[in-house]
Structure formats: structure tokens, C-alpha cells
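Trainee: After the C-alpha cells below, expect a handful of questions from me.
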Amino acid sequence: MKILVAVKRVIDYNVQIRVKEDGSGVVTDNVKMSTNPPDDNAVEEAVKIKESGKAKEIVAVTVGEEKAQETVRKALAVGADRGILVKASGTIEPLAVAKILQKIVEKEKPDLVFMGKQAIDDDCNQTGQMLAAILNWPQATFASKIDVKENVLEVTREVDEGLETIEVKIPSIVTCDLRLNEPRYASLPNIMKAKKKPLEQIDASELGIDIKPRIEQIKVEEPPKRKAGIKVSSVEELVQKLKNEAKVI
Ligand code: AMP
């Protein structure tokens with residue numbers, strides 16, 4: 001079995017996001033970038049499946065600028081076998097990423113595609129679903145447990161009501177939740193070894209698809225600052241304030 005894992009380079013989750021003065025976006029210069037957190041879970045799960053003997057090869061793929069290959073190298077350092085960087089600059093919306101991944105799926109013919117449930121920069125939660133629709137493959141989103149069985153996957157999903165367990169036929173798309181596993185750290189020797197693993201570069205323009213953005217971003221601004229709270233001395237005072245000041249009851 002071959003597993004393709006999609007990994008995205010995003011601003012590190014610990015970074016305090018700053019909006020550019022002209023409102024054209026957020027500051028990315030000299031800002032720490034990392035793998036989108038649930039994508040680390042997707043890589044970890046693929047590696048665990050390979051370690052259990054149920055997968056033979058893991059291919060990590062990213063779409064982005066030249067620097068995005070760092071994200072692929074990280075996946076290689078924790079156990080992926082090969083990497084692909086699809087070079088594209090500017091905004092690449094989920095539909096464009098899904099179309100690019102479709103081309104990579106056609107070329108690589110994986111049995112499974114693992115992705116993150118959501119990218120923490122755009123918070124779209126769309127790419128996996130769009131890829132499944134384009135390929136007409138079954139999908140299991142928000143996976144918090146995956147069991148590989150004969151030709152099917154049993155996937156436990158985190159849904160609003162709690163946990164839901166479904167079975168999807170292979171080939172399928174799985175989007176991974178943070179509770180799926182505990183991603184391992186790359187050891188220094190493995191980081192060094194990853195530098196020698198193959199990393200193919202493909203120019204998105206060679207794939208013959210339209211990846212132009214469909215959405216025009218008009219302005220990015222900071223959310224309004226929260227006002228300081230107050231302490232009330234009694235329930236009566238709270239009710240009176242909710243009624244007369246906040247006017248919510
Ligand atoms: P989104 O739909 O943007 O929230 O992203 C969901 C998932 O799609 C991410 O967790 C990644 O696994 C994958 N993905 C999105 N954008 C990219 C990209 N540029 N390169 C590789 N994978 C991506």
C-alpha cells in the first residue's frame with residue numbers, strides 16, 4: 001500500500017500573528033514557519049501504518065514556494081520515503097491545491113491520501129473534501145482513530161455529537177485530527193538522512209490546470225480589542241447589569 005501525505009507550510013502556531021500596516025495580509029517576513037499541526041498527525045499515522053507492515057511507501061507532497069521543501073524534509077525526517085514539491089507562488093486556494101493533488105494522485109496512484117483536517121492559516125477545512133469530490137473517492141474527515149483492514153479503513157471521526165465510526169473503501173481520503181496520535185520528533189541523524197532522500201520538484205504551471213484565485217481579499221484587519229471585564233459582588237448586581245447595561249436579558 002502506498003500513502004500520499006499532504007503537508008502545508010504555515011506560520012508556526014506559537015507566533016503572534018501581526019497584520020500588515022496596509023491591511024494587505026499578515027506579516028510573514030522573518031516569521032517562524034512550520035508544518036501545519038494536523039499534517040504532522042497525518043505523517044505520523046502514515047509512518048505508524050508503514051511500521052506495522054501495512055504500507056510500503058509514504059510520499060509527502062506540498063504545494064508552495066521553494067522554501068516549502070523544508071516542510072517536506074521534515075516529513076522525510078520522521079519516516080516518509082520520498083517528497084514532492086509542487087512549486088506555485090502567491091495565494092493557492094483549497095480548490096487549486098485539490099486540483100494539483102488530483103494530478104499527483106493520478107501520477108503516484110496511492111491507495112490512501114492523508115491530509116490535515118484544516119490549515120491553521122486559512123482555517124478553510126476544504127481541501128480534503130474537494131479532493132475527494134474531484135477524484136470521486138470516499139472520504140473520512142476529522143479522523144481520531146484509523147484501523148487499516150482488508151481493502152477498507154475503519155475510521156473514528158470527531159463530530160459535534162461526539163465520536164462516529166465509519167468504514168471507507170480504499171482508495172480513500174482521510175483528513176486527520178490532532179487527537180489521532182502524538183507526532184514524533186525528528187532525531188538529528190534522521191534529519192541528516194532526510195537530506196539524501198529524493199525530493200522531486202514539479203512546476204504547477206506544467207500540470208495544465210487553472211489555479212488562479214477565485215476569491216478577492218479586500219482587507220485584513222485585527223479583531224477589535226476586548227474590553228477589560230469587571231467583577232460584580234452579587235447575583236442581583238449581575239442580573240441588573242445584564243438587564244440594564246448589556247441589555248442581553
Ligand atoms: P485547508 O482546506 O486549507 O484547511 O487545508 C486542509 C489540508 O489540506 C491541510 O491540512 C493539508 O493537509 C492540505 N493542504 C492545504 N493546502 C496545502 C498545500 N499548499 N500543500 C500541501 N497540502 C495542503
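Trainee: Considering each of P138, P110, P171 in turn, give the residue that is closer than 17 Å to E45 by Cα and open to solvent by 20 Å² or more (accessible area, probe 1.4 Å). Walk me through it before giving the result.
Mentor: Values: P138 fails: closer than 17 Å to E45 by Cα; P110 fails: open to solvent by 20 Å² or more (accessible area, probe 1.4 Å).
Just one listed residue meets the conditions, P171.
Trainee: Among the residues of the range 118-127, are any of a type in the set (S, T, Y) and assigned to a loop (DSSP other than H, G, I, E, B)?
Mentor: So the first thing to find is which residues in the range 118-127 are of a type in the set (S, T, Y), and the list is 127.
Checking the rest, the ones that are also assigned to a loop (DSSP other than H, G, I, E, B) come to none.
No, the range 118-127 contains no residue that is of a type in the set (S, T, Y) and assigned to a loop (DSSP other than H, G, I, E, B).
Trainee: Follow-up. Looking at the range 161-186 only, could you name the residues that are polar (S, T, N, Q) and in contact (Cβ under 8 Å) with a residue 40 or more places away in the chain?
Mentor: Restricting attention to the range 161-186, the residues satisfying the condition of being polar (S, T, N, Q) are 165, 172, 175, 181.
Once the filter is applied, which keeps residues that are polar (S, T, N, Q) and in contact (Cβ under 8 Å) with a residue 40 or more places away in the chain, the range 161-186 yields S172, T175, N181.
Trainee: Considering only the range 56-80, how many residues are part of a strand (DSSP E or B) and in contact with a Gly (Cβ under 9 Å, 6 or more places away or on another chain)?
Mentor: Of the residues in the range 56-80, the ones part of a strand (DSSP E or B) are 57-64.
With the extra rule that they be in contact with a Gly (Cβ under 9 Å, 6 or more places away or on another chain), the set shrinks to 58-62.
Here the count works out to 5.
Trainee: Right, another one. Is the range 133-156 home to any residue that is closer than 30 Å to T28 by Cα, part of a strand (DSSP E or B) and among the acidic types (D, E)?
Mentor: No: the range 133-156 contains no residue that is closer than 30 Å to T28 by Cα, part of a strand (DSSP E or B) and among the acidic types (D, E).
Trainee: Restricting attention to the range 87-98, report how many residues are open to solvent by less than 40 Å² (accessible area, probe 1.4 Å) and under 16 Å from the mean Cα position of the chain (by Cα). Step through it out loud before you land on a result.
Mentor: Going through the range 87-98, the residues open to solvent by less than 40 Å² (accessible area, probe 1.4 Å) turn out to be 88, 92-94, 96-98.
With the extra rule that they be under 16 Å from the mean Cα position of the chain (by Cα), the set shrinks to 92-94, 96-98.
Counting residues in the range 87-98 that are open to solvent by less than 40 Å² (accessible area, probe 1.4 Å) and under 16 Å from the mean Cα position of the chain (by Cα) gives 6.
Trainee: In the range 103-145, which residues are under 21 Å from A204 (Cα atoms) and among the hydroxyl-bearing types (S, T, Y)?
Mentor: T127
Trainee: Return the only residue of G53, G83 being crowded, with 24+ Cβ neighbours inside 10 Å, modelled with pLDDT of 95 or more and not in a helix (DSSP H, G or I). Step through it out loud before you land on a result.
Mentor: Working: G53 fails: crowded, with 24+ Cβ neighbours inside 10 Å.
That would be G83, the only listed residue that is crowded, with 24+ Cβ neighbours inside 10 Å, modelled with pLDDT of 95 or more and not in a helix (DSSP H, G or I).
The values are calculated or read from the model by the stated rules, or taken from the named source; none is laboratory data. Because the structure is a prediction, the values reported are computed rather than measured. Here the Cβ is made from the backbone with ideal geometry for all residues, glycine too, and neighbour counts use every protein chain on show. Side chains are part of the model used for accessible areas, which takes the heavy atoms of the whole protein and leaves out ligands, DNA and RNA. Shrake-Rupley method; radii C 1.70, N 1.55, O 1.52, S 1.80 Å.
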